[in-house]
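Following: one structure in structure tokens, then a few remarks.
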Amino acid sequence: MSQVAELTLDGKSYQFPVIEGSEKEKAIDIAKLRDQTSYITIDAGYKNTGATQSAITFLDGENGVLNYRGYSIEDLAEKASFLEVAYLLIFGELPTEKEYADFEYEIRTHTLVNEDMRKIFEGFPVNAHPMGVLSSLVSAMSAFYPDTQDSPDLTSLHIIRLLAKLPTIATWSYKKSQGHPVNYPQNDLDYCSNFLNMMFALPVGAYDVDPVVAKALNKLLILHADHEQNCSTSTVRLVGSSHANIYSSISAGISALWGPLHGGANQEVIEMLEAIKNDGGDIQKYIDMAKDKSSGFRLFGFGHRVYKNFDPRARIIKKAADDVLNKLGIKDPVLEIAQKLEKAALEDEYFVKRKLYPNVDFYSGIIYRALGIPTNMFTVMFAIGRLPGWIAQWKEMRTNKEPIGRPRQVYVGPAKRDYVAMSDR
Ligand code: SDX
């Protein structure tokens, strides 16, 4: 017998069904709440509100668990390629060899971007933030591919175009900021090597991709690939729920990710660690500032809406940071500061009481730096990693014919009043 939730309001009793997910999560289905009671619920930041039932990603915040379509992030980060994980998220199963070969071939042969997109790009100032450029150009893709009907086949072509062209577009900002010519994608390179080649190759000679760097990038992209209903994914779903095309929906997700409380945190973390280094390494000063509400300062890379334990991605990235820096023979003083800051915070009552642990953004910037990626490109890296998750969630929402998202509100403004002529105000 399925459970029900009882609610008593104004002396009347109501019952609402309880649903249970495949990992035993429970929710009260309040679809009929307003019809039956005239009441709505309020939940700032949707901390207690589920927007959908999804079969893509499972998070257990208390136990630090993250699974994509049932496969653990630890397994996938160690054993899979990023495109294999992208296929898993979008189509629901790990690909067979033939399915993978076809998918990878499709992506490899769609990496070129329409040359007219370059004309749009050339209009940006040299110091434009790469995230603003990325969200603009992804939205512009809807002008170049207007055939955004709902046919699954066409949707797949749009999916291929986004996965194939995002890395190409992403590198343009970096090349422009260096005063270097952009590089074209090379069809003989795998996904991560192609990105690194477009980022760092120069017309003056050959560029050899370091396999250690390519492997580290593959792992980082997998770790960022999806994270259930986070801010940017919820944005992609909400925009897509109006049946806006996939490019506009993903562009909105890129904009949401840019925020310093969300994906923009990885850039903030490195800037914070650099500030601590330049401030004589005074860790405690920054810990105290983070605890002082009036300072307006937060310890970037710490805390999470869902994880009230270690973010499993942070564990993997922290270990990978050590490995990559050792393999590349890099000594980064900022890593030492990060380790000291983590230790100090995890021993401080303020952070312990609020269950604030390092999140995915705390160590990722240290690896990106070691790979030669500049700080203002860190959130772009997050977007490249998160793209398959956004696509998978958009596709699930549209395939399930979910209704247009339109939250309610409680009005707290002025009561009805008559217009007053300006001369009488
Ligand atoms: C990502 O949702 C996802 O899944 C996101 C993400 C993904 O993969 O998509 O995991 C990626 O966005 C990771 C988070 C990156 N952001 C940061 O590192 C920015 C710093 N962190 C915080 O701003 C904060 O922890 C959030 C935004 C991540 C979560 O905020 P919540 O859940 O709304 O929690 P809150 O702001 O209500 O904080 C609860 C308490 C508050 O103190 P009290 O009012 O209880 O006294 O903890 C404090 C906060 O002031 N707090 C912090 C803190 N984070 C929370 N205090 C100091 N430093 C921090 N980092």
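To keep it simple, each residue is scored yes or no on (1) assigned to a helix (DSSP H, G or I); (2) out of contact with any strand residue (DSSP E or B) (no Cβ under 9 Å at 6 or more places or on another chain); (3) in contact (Cβ under 8 Å) with a residue 40 or more places away in the chain; (4) buried (at least 20 other Cβ atoms within 10 Å of the Cβ).
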| site | (1), (2), (3), (4) |
| --- | --- |
| PHE362 | yes, no, yes, yes |
| ILE366 | yes, yes, yes, yes |
| GLY372 | no, yes, yes, no |
| ASN376 | yes, yes, yes, no |
| ALA383 | yes, yes, yes, yes |
| ALA392 | yes, no, yes, yes |
| LYS401 | no, yes, no, no |
| PRO407 | no, yes, no, no |
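Quick one: which residue in ILE90, ILE28 is in the same structural domain as PHE195 (by TED's automatic domain parsing) and within 20 Å of SER234 (Cβ to Cβ)?
Matching residue, one of ILE90, ILE28: ILE90.
Which one is surrounded by the most Cβ atoms within 10 Å (Cβ to Cβ) among residues in region 23-47 that are free of Cβ contacts under 8 Å to residues at least 12 places away in the same chain and closer than 22 Å to ASP226 by Cβ?
It comes out as GLU25.
If a residue counts only when it is out of contact with any helix residue (DSSP H, G or I) (no Cβ under 9 Å at 6 or more places or on another chain), which helices (runs of 4 or more DSSP H) contained entirely in region 1-99 have at least 1 such residues?
33-37, 73-79
Residues that are acidic (Asp, Glu): list the helices (runs of 4 or more DSSP H) wholly contained in region 100-189 that include at least 2 such residues.
115-122
Among SER251, SER295, SER241, which is farther than 23 Å from PRO130 by Cβ, in contact (Cβ under 8 Å) with a residue 12 or more places away in the chain, of a type outside the set (A, V, I, L, M) and not assigned by TED's automatic domain parsing to the domain that holds GLU25?
SER241
Going through region 8-22 one residue at a time, which ones are closer than 20 Å to ALA51 by Cα and loosely packed, with under 13 Cβ neighbours inside 10 Å? Spell out the reasoning first.
Within region 8-22, the first condition is being closer than 20 Å to ALA51 by Cα, and the residues that meet it are 16-22.
GLU20, SER22 - these are the residues of region 8-22 that are closer than 20 Å to ALA51 by Cα and loosely packed, with under 13 Cβ neighbours inside 10 Å.
The values are calculated or read from the model by the stated rules, or taken from the named source; none is laboratory data. Worth saying up front: this structure is predicted, and the values here are computed from it rather than measured. Neighbour counts run over all protein chains shown; Cβ positions are idealised from the backbone, glycine included.
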